[in-house]
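Presented below is the structure to which this report refers.
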């Protein structure tokens, strides 16, 4: 088993906005940080961000007094466990080998039911088809077993959050079980939340395998495919028109992750430099 490591890197240009370096915090199951052009140094994670950290995007807007009372935010999502195709289960799990991440597996907008929509013109050899993909994030008796899971997100007084897991195995010995392996590798995870967009907001995330992040129902991060840990830095200020967002307004943020192969380890991380606005968990569409 690979050793996990905590890394702090600095990247020259976050996606969508040039300027001074942005802090990147990520946990990776691999030895290399999954961000091109990043220098890597071991460091302590979880510190409070300062306005200087956001300097590349302009002056930071601090949360105002009118945001209401603070609350203990719970990021409760839904895992769906799948049996591997080797044991007569789903044809998308344990069926594909890692060949790097693949863009365009899903369409650029969420469907009306808040689920990713399969792209029939997407890359070949990464999924079986639309009918099978539609089962990934929907409860299907006999196909998957739904299990609630609350992300242990560290949320600061300013509303930002950090979740880092180099070994993301949240349902070991649950659902269909580990199927003879050390961990349960076959599952998807779905999480919904809301945030207030402020100038300078950005998202750092990494995963092994698929990861899609939607902001205002539009695709922001596309890390599809069975792959080793891969990551992205998404600066909102550089994608305002694409996302249809305006500073000071509230928008949904939706995360969809899949772990589909035991060839690599399982990892997931997302560091959100946003001000979260939902106090109660958002009901997951089933």
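The values are calculated or read from the model by the stated rules, or taken from the named source; none is laboratory data. What you see is a predicted model; the values in this text were computed from it and never measured. As a convention, Cβ positions derive from the backbone with ideal geometry for all residues, glycine included, and neighbour counts pool all protein chains shown.
Condition check ((1) surrounded by 23 or more Cβ atoms within 10 Å (Cβ to Cβ); (2) in contact with a strand residue (DSSP E or B) (Cβ under 6 Å, 6 or more places away or on another chain); (3) assigned to a strand (DSSP E or B); (4) at pLDDT 90 or above) across all residues:
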site: 183; (1), (2), (3), (4): no, no, no, no
site: 194; (1), (2), (3), (4): no, yes, yes, no
site: 223; (1), (2), (3), (4): yes, yes, yes, yes
site: 226; (1), (2), (3), (4): yes, no, no, no
site: 231; (1), (2), (3), (4): yes, yes, yes, no
site: 237; (1), (2), (3), (4): no, no, no, yes
site: 241; (1), (2), (3), (4): no, no, no, yes
site: 247; (1), (2), (3), (4): no, no, no, yes
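State yes or no: is residue 143 out of contact with any helix residue (DSSP H, G or I) (no Cβ under 6 Å at 6 or more places or on another chain) and at pLDDT 95 or above? Let's see the steps before the verdict.
Values: out of contact with any helix residue (DSSP H, G or I) (no Cβ under 6 Å at 6 or more places or on another chain): yes; at pLDDT 95 or above: yes.
Taking the combined requirement at face value, the residue satisfies it.
Annotation: of all residues in region 68-107 being under 30 Å from residue 279 (Cβ atoms) and outside any strand (DSSP E or B), the one that is modelled with the lowest pLDDT is 68. Can you tell me how many residues in region 201-219 are surrounded by 24 or more Cβ atoms within 10 Å (Cβ to Cβ) and free of Cβ contacts under 8 Å to residues at least 60 places away in the same chain? Residues that pass the stated criteria total 2. Quick check on residue 203: is it modelled with pLDDT of 90 or more, over 25 Å from residue 180 (Cβ atoms) and part of a strand (DSSP E or B)? Criteria not met by residue 203.
Test residue 27 against the criterion of being at negative phi, at pLDDT below 50, part of a strand (DSSP E or B) and buried (at least 19 other Cβ atoms within 10 Å of the Cβ), and give yes or no. I'd like the intermediate steps shown before the answer.
On the way: at negative phi: yes; at pLDDT below 50: yes; part of a strand (DSSP E or B): yes; buried (at least 19 other Cβ atoms within 10 Å of the Cβ): yes.
In short, yes.
Residues in region 122-129: is at least one within 22 Å of the chain's Cα centre (by Cα) and outside any loop (DSSP other than H, G, I, E, B)? No; the residues of region 122-129 include none that is within 22 Å of the chain's Cα centre (by Cα) and outside any loop (DSSP other than H, G, I, E, B).
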